[in-house]
Each structure stands twice: as structure tokens, then as C-alpha cells.
Amino acid sequence: MFVDKRKILIGNIGSGTTIDISLGSNFFPVDNSELIEDKFVKDEIKKSINPIVDYKKIIFKPADNNWDIIDSFKINLNFYTPESISTGSPTHRGIGAESGVYSDLGYIFDDIFCRTNRFINSFMRLSLFDTPYSGKNELLTFVDIYTQVGKDQEDDYGFPKPIDVSPISFVLGDPVLKPNEVHEGFHIYWFQDLVDNSPNQEYEMYATLQFNNTSNGKISELAPSKYINPNNITITNLEGSDGIFYLKVILKNDDGIYKYKFTPLTLNSPAQRTHHPQ
Amino acid sequence: MDKTNKILLNNTKSYNSINVNSQVQFGIDSTNKPIPLNDISTNINQYDQFVKERKESTIYRFYGNITPIISNPLYNDNVKISKVFRFQNGSLQPNLTAKKILNSGIFEKNGWIGYYNDELDETALQFNDNKSALCEFSPFDPGYDRLSMLDSDGIPNYLFKVTYPFRSKDITLVKNNVGVSLKDGIPIIEKFIVELNGRKYVGFKTAINHGLSFRDNINLYGFTDNTPNQTLLLTDKTFKVFKLGNNTNDLKFRTFIIDFDPADINFSIGVSTVKRVVQNKASQYYVREFKSLSSSDYKDYDIYPAAFGVSYYGDKISSFNFKKDIDVEGLVDNLGRPLSELYFTIVKNDSDTDPTTINSMYWLEQQENLPANLKNRFWTKIVAGYETENNENINYNVRSFGDPSFINNEWYTGIDESDEIFDGDIVEYNERELLERRLELVHHRVNTIYREHLNSINPNEGNKREGYLYKPFNKIQIREFSNYINPVVDLQYIVDKYNITDTLEIDNLRVSYKIPNYATEISPNVYRWRDLIEIGEVDISGGGVEYPFESGAHYINLDKRFYLQRQDPPCEAILIEEEVELGATANPNDEQRFKQYLNDPTFLEYSFENITDVTFTVGGVTDLSNYNGIDTLKIDVTLADFIGSYELGKRDVPGGCVDLSLLKQKDLDDVC
């Protein structure tokens, strides 16, 4: 053992004198293989194993503003009319909850009466994103809702209405409670644990809508809104939680019942569901 | 350095103080971490990790399909219920009305009994659904809204639960005065003689399935030895099953034959029992009780139509998905073993429809004079029992419930879907085999209040006590015990050899020898058990279970059938004939009777007793019900009478087992 000896004269030591003692050590690895095997390796293995991720998805049922579950809902689409576009002053058809009509999209009566491919293969795509910013958001899921010839499109006798009064509407219903309605798009399927572990057990998504028109190959981006005033759309923000391209959807675990609801936009509400110049 | 202490010299504290030498101790702490001397490489086996996580997981998730077979042959009445508006107190008031559907208007569609609407339905018009109410098929009540697995009124007709056997109990299966119960063995209810190759053998019939096989050893209890010196030694000996089946080689599950002279042995019903014996150990018999692991608020699962799912009989197949994870950690079954079985349980909901519908309101109106505990219900409380032999001494015969001859018998009563504990199956357990065998499955029975108490509602009608049955418990095998019994472990040998007296040491020995908690102690410190096979492992005899493990949970797909059946489908049909006299001089009651017969679902035809009695006036017979008000016409009315095994009141619909061709023959011999 090396000892660094120093002589200190007593006269040099005054009252309150301190002596610095340096402690140095050299690292000599000793045989710690057992510790390494028993702890270190196990700890490292444990760290290297991915945690279990829960991929369980469940059904979320639509609810109204009060979180009461609803058994069906309707999506109306409204487009600038071709006539108004040609005049350079695009306007919507109708007011309030009134939807556009299929003639605005170039369909003719025979398309609906005969359920032609160019009609029945047209669809609306509802895409759900994690954030309302197109530059960085991720697509979570989407659902395609095909055109319908339902009660809205038929008269009292069950015949298709004339094309210029045939509304562009999609009625979606619960598969159990409304067995005769279309169910695709009625439920949202999402990860249960993400909602359970969200603040207040509410999880947000942002929906965008497109209409894919098979008759002319056009895809129209739509401005979705829960409220029903298409003429009140102001194109100020396209993106963000206030942007007109995104409709906030809240998924909620309500005491064991899993629901979702569309929420109104803040800046542009009330703004009608859809529209886009052709 | 995370802590600093200031130490003042003494001369700073008081002018009288001087500095003295002081010693301050300081400690040097250090942490260390082992550093490998060289590269250490370890492989992590993904499959091993998967197996490890799977073994450790006790979470189960259930999903699947149910194929129902459901219909309504036991309907309340063949009526069409509608709402009409009548002037009352100066204004139109809605009233409920019921129109009797004539026998000729009763139809069957995919097993459902009902009618095709031949007039505009006010309810449908009010609904304004743009479709005609004409020609729509409507089942009689209980209809789709009370019986279907998928119900569009938003109030489920059935509740799904996950249950497990958590304890056992004893029941008195056959009535007796000496305290003999199921724990004493399977009761004998009948003796018969079988003659084979000129030799007579004695056979016995049991109240329920006996669980015996050819050449099984059995013990007989409570029998009478008729030999002069009791040479049969019934209480001392074990006997062999000579054969199963009766004289026609049928009923093998409930009859067995032993090689005795039939004259030498007698039995007493309720007292005589039989037990299977394995290696000198008699089996135990008991009822398992099931406890729910899920809630009764319909929140634990989603149910929805299966894609393109329709059964052969037109019933919509339902899919379901349990949102709630079922955790079996720490749970043990009625024998104290880790759970190897769960049960997917379906229980009828007795509040299964919207009370504001006209159908609900109509039946409540009909029942308003019943006692308070009945009049507001549509369904009776659930009763449970087993499919036993038809004998008045046998309790828990679910098919006999309501038969006046069984009025003093026992059943499991007062069952509700919200219950947490349910009575379950009858099982046999033998300590030598260390396995339970299900002998009888429990059935639930439910009827409508209207049918069950019809006589109190309408004194002209008798009670219709035949109800619906279903099996509530569907087994889910989540683990399996090994097909082989672990060799006996004798700790007592070690205890004796080393003179161990400390119980803690003995417990440690149990751990060392890997004796599970559920092992059977066949004698002090001597154990035998069956290993519980790990999920995904298969033993050499093919035992074991395998199902997906994902997201930290075991996923089990269930593909189950749900059969809502009749309590006692009548298999015998006879024709009965009623004579009525119509006309001005006839008893007015006969006209009413005649109309009633025409409405009766069992009405077949009528004929003129003497065709020459009929006088065709100008314009023909315009009103046969009173024969145009002229004298006198005798008519023979033929009706069917359907007879079941039990006296459960009038049956309106024959069982599927009845030979319907009989009803189409007109032969005097068929007329009673």
C-alpha cells in the first residue's frame, strides 16, 4: 500500500486549521461475473423486450351532444351548383339542412333508377386522423360509404325521385336497431386502451371527408360540419382544430359504454357539412 | 457533494470560549456497477418470451358467434293487437284492441307462428315508413322482440355472462323420508328383468344419467337382498355392470344390468342408489354452482349481426365481443383447483321489451286482475332443473314443472338474469380418476305469465303451463388436466425417516417436490394429482388446449348454438269431435262455441251431421254461425288434441315429433 507521508510542524497548525486529505483510488476490476450474469444481463434483457401493447379494438357507438347513444344519423352533402360555378359566383343549393341533389354531380335519373355502376360505385370516404394538421398528421383509419337509394331518394310509392330533387344523403343505422339501414361507417372501431387511458377517458380524432365521383373521376375534398348552415362557411383556416377541413370526433368511455360524437367546429361553426367547387 | 455543514469555532460563540480540538467524522459513499470484462452476448428467444408471457397471463378475451334456433310455438293467444281510436268523453281516445285470428289465418314462417296482415295496420301507418302494412308477417306474442337473439327494440332478450364453477352442493333428487340425497349416489327408480340366452338378469333404471360403462364396478346402496341368508352381500361387495340398456337395448345412459337373479334383489325408490367405483373408491356426486365473472348491465359485451349469418332455419346468427377482460388469476373451482373451465352463460331477460308498445300494454291489461307480484310481468321467474326420467318421485324434473302431479316436487326457483350465482350441472367426481364428469346439464324454464295463469284471466280457458327451455351454460375449456395422473408422492416416508415434526418444514418439502396446492391428499402427506397442461402444450395422449395469445391476453373464439325449445313437445295427436247445433231454436251458446272452434288453433274441419238438414234458400247460407236464423242444423266440428308426456294444459301447436299425416285422415276410428 502506498502511503503519502507528510510532516506537519505543530507550529504551523493554528486554530481552525484544516487539512485537505486527498483520496484516490485505482479501479481494479474484480470477478463480478456472477453479478453480471444474475443481474446485469437480466436487467438488460428485460430492457430489450418490448412492452406488451394492447391491440384490442372495440366498437364505439355514435352519440348526440349529450352523449346519449343514437341509433342512426344522416350525412348530407352539398355542392356548389354547376350553374353558379359557370356564372363565376358559386352558390349552394338550398338552405339549412337541405342537401344537394345528384344532378349537381352530373348524374341522370337512369343512374339511380338502374343503379348504374357509375352511381353505386361512387362513395364518400371518411378518414380519421390523429391531428388536424395535414403536414404532420397520421391517418388512423378510414371508411368508405357508398351512395344509397334509400327512403330519401324514393317517393311515397317507392320509386326513385327525379334526379334534380334526389338528395345526396347517406343514412347510417345501427345493425341491430336499424337492420334495414346501411351500417358501414356507423360504428368507429378503435383501441380500447387508448381511450381508457386518455384524460377523462376521452380520445380525439379528426375526420376529413372526400366524395369520390365515379361518373367523372373527380375527388372532392369536403368541409365537414356537424351544424347545418352551408352558406356560413368562411374559408379562413383550412387546417387546425378550427379549420374547415377537419371535424373533431371524440371517443369516450362513458362508464363502460364506448361512444363517439362529432363536435362542432369553433371558429367556423355553424358550418355545413360539405361543399367544394367542382 | 449534496450536503454542506458549517462548523463554527468555539471562540465565535462566546468571549469566554476557546478553541479546542474537535474531530469530525466523514463518510465516503460510493456506488458501483459491474462492468463486463469482455463482450457479453446473450440471445433472447422470441418464442420463449412469447411462451413465458402466455404462461403468465391470466386474462381471457371472448368473442364468437351464436347460432340460435328460436321460435314461438307457445304463444299467448292467436290475436292481432292494434290501437284504435274511439270517441270517449267527446274526443277520440286511443284504445287497445285484439282481433282473434281465425284458424285459417294462422301461418307458420320459419318456425314462428303468426298471421299475415290483411288490413292496413294503424301502427305502421303512424310510423310512416313508406311501406305497406299489408301482407306483413307478424308472429303472435312472444314475438321477435322478446325471443330473438338480436332485438331491434333496443332492450336485449338475453344476457350473456361468463361464469365458473365455484362450489358444490347436495340435493335430494328423489323424494324419500330417510335423508338419502345425491351425495349417496344415483337414485334407482325402476327394476326390470332382462332375459339373455335363457338366463334372467336384473336391470335398473336410474333417475338421471348414471355415467356407467360396460364392466364398470359399482356399489349398491339401500337394496334388499331377498336370498335366504343374504348371500348377495350387497353392502360388502362391489359388482360389475354386465350390460347397459333395457330390453330393447335403448336408454343406455339410464339403465344398467347386473348378473343377479331378479328375484334375489329389490329396490326402494328414493332409497336405493348406485355409485361407480374405481380402485375401491366410490365416486362422489354433487351439483356445481356457478358464479358470474361479468356484470348484469349489458355493458361487458357488444352483440351484432354476423355477416351473412343466417341459420338453416332462418334465424339470424349473432356475433359478440366481450369488451371486458376476464381475469382468472387466483380463482379456483369447486375442488380448489385452478380454473380449467369457464362457462359462456346465456340467461333470459325477463324485462325484454319496451313497456310502451301496444303489445306490452295489451298483455298487462289482460293481467291486471292477477296478484301484484304477477300482473306487471310478462315472463315468469326462471325455474331450473334437469331432464330426468318421468316419475312423480323425482325432484328437479324441468319438463314436469307445472304438471299438477308434480305439485309437491322441488326445482331451482326464482332465478333472475341479474343473479351472481346459478345452480348448475350434476357431476360425478372420483378421487382415483381426479376428473369431473358431467352427468346432467341444467335447463332453465320460462313461461309467460298470461299462459301460466290463463284460467285466472279467462275462466273459460285452462292454464297453459308448457314453457320454453334452454341450456344456459356452454363450456369453455381454457386449460386441460393431463390425461395421466402424476405418480403418487409420499412425503410421509421422508417425514418418518427424518422424524420431521415442523409443519413449516413439511410445507417446504411440498414445494420442493412441486406438489400443487390442489393435489389430493389420499393419506397424511401422500399426494396425487393431475398436472394442469400449459396452454399450447400437448401431452402424448393429445390432451391440451391451444388458442391465440395476443396483446397480453388469451383470445378464445366461441361458436355456440342456442336452442330455445319447448318444455314438453306433444308427440301424440288424436282427433276429437264436438257437436254444435245452430239455428233459431238452438242453444245460443252453441253459436258462440262454433265461432270459438273456428278460432281455435287446433280446429281441423267441420261437417254437417246430416247433409239433408241443410236447406239452401235463395242466396244460399249467408250466415252459418246461426244458420240464417232458421231451424236447425247439427254440425260436427273436428279438432286435434295434442298430448305430451306431462299434463301441462291445452297445446295449440303439435311437437315436431308428431305424425301430422294422422290429422289429415278422415277415418271414423280416429274420432274419439
If we scan region B:387-401, do we find a residue that is closer than 19 Å to B:Arg566 by Cβ, touching a helix residue (DSSP H, G or I) at 6+ places or on another chain (Cβ under 7 Å) and among the hydrophobic types (A, V, I, L, M, F, W, C)?
no
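Looking for whichever is under 22 Å from B:Leu159 (Cα atoms), within 14 Å of chain A (Cβ to nearest Cβ) and surrounded by fewer than 18 Cβ atoms within 10 Å (Cβ to Cβ) here; the options are B:Asp297, B:Asp325. Which one fits?
Working: B:Asp325 fails: surrounded by fewer than 18 Cβ atoms within 10 Å (Cβ to Cβ).
Among B:Asp297, B:Asp325, only B:Asp297 is under 22 Å from B:Leu159 (Cα atoms), within 14 Å of chain A (Cβ to nearest Cβ) and surrounded by fewer than 18 Cβ atoms within 10 Å (Cβ to Cβ).
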Could you tell me whether region B:163-178 includes any residue that is under 27 Å from B:Asn334 (Cα atoms) and either small (Gly, Ala, Ser) or touching a Cys at 6+ places or on another chain (Cβ under 7 Å) (or both)?
yes
Of the numbered conditions (1) surrounded by fewer than 16 Cβ atoms within 10 Å (Cβ to Cβ); (2) modelled with pLDDT of 85 or more; (3) touching a Lys or Arg at 6+ places or on another chain (Cβ under 6 Å), B:Glu609 fails exactly one; give the number of that condition.
(2)
Scanning region B:644-672 for residues that are surrounded by 15 or more Cβ atoms within 10 Å (Cβ to Cβ) and hydrophobic (A, V, I, L, M, F, W, C), the one modelled with the highest pLDDT turns out to be B:Leu648
Among the residues in region A:158-174, are any more than 14 Å from chain B (Cβ to nearest Cβ), closer than 24 Å to A:Tyr246 by Cα and out of contact with any strand residue (DSSP E or B) (no Cβ under 9 Å at 6 or more places or on another chain)?
no
Scan of region B:509-562 for residues that are free of Cβ contacts under 8 Å to residues at least 24 places away in the same chain, assigned to a strand (DSSP E or B) and within 28 Å of B:Tyr63 (Cα to Cα), ordered by number:
B:Glu550
For B:Ile189, state whether it is closer than 25 Å to B:Val398 by Cα and in contact with a Ser or Thr (Cβ under 6 Å, 6 or more places away or on another chain).
no
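Determine whether B:Asn460 is free of Cβ contacts under 8 Å to residues at least 24 places away in the same chain, in a loop (DSSP other than H, G, I, E, B) and out of contact with any Ser or Thr (no Cβ under 6 Å at 6 or more places or on another chain). Can you show your working first?
Details: free of Cβ contacts under 8 Å to residues at least 24 places away in the same chain: yes; in a loop (DSSP other than H, G, I, E, B): yes; out of contact with any Ser or Thr (no Cβ under 6 Å at 6 or more places or on another chain): yes.
So B:Asn460 fits the description; yes.
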Within region B:265-294, tally of residues that are buried (at least 17 other Cβ atoms within 10 Å of the Cβ) and either under 26 Å from B:Ile193 (Cα atoms) or of a type in the set (A, V, I, L, M, F, W, C) (or both):
15
Looking only at region A:146-178, filter to residues that are of a type in the set (A, V, I, L, M, F, W, C) and touching a Lys or Arg at 6+ places or on another chain (Cβ under 8 Å); which one of those is surrounded by the fewest Cβ atoms within 10 Å (Cβ to Cβ)?
A:Val149
Say we look at region B:344-362 and pick out the residues that are assigned to a loop (DSSP other than H, G, I, E, B) and among the charged types (D, E, K, R); which of these is surrounded by the most Cβ atoms within 10 Å (Cβ to Cβ)?
B:Asp352
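For region B:182-217, which positions are assigned to a strand (DSSP E or B) and out of contact with any Gly (no Cβ under 9 Å at 6 or more places or on another chain)? If you could, list the steps in order and put the result at the bottom.
Step one: filter region B:182-217 for residues assigned to a strand (DSSP E or B), giving B:186-196, B:199-206, B:217.
Correct list: B:Glu195, B:Leu196, B:Arg199, B:Lys200, B:Tyr201, B:Val202, B:Phe204, B:Lys205, B:Thr206, B:Asn217.
Kindly indicate whether B:Tyr555 is aromatic (Phe, Trp, Tyr) and touching a Lys or Arg at 6+ places or on another chain (Cβ under 8 Å). Spell out the reasoning first.
Details: aromatic (Phe, Trp, Tyr): yes; touching a Lys or Arg at 6+ places or on another chain (Cβ under 8 Å): yes.
Yes.
The values are calculated or read from the model by the stated rules, or taken from the named source; none is laboratory data. Since we're looking at a predicted model, the values are computed, not measured. Here the Cβ is made from the backbone with ideal geometry for all residues, glycine too, and neighbour counts use every protein chain on show.
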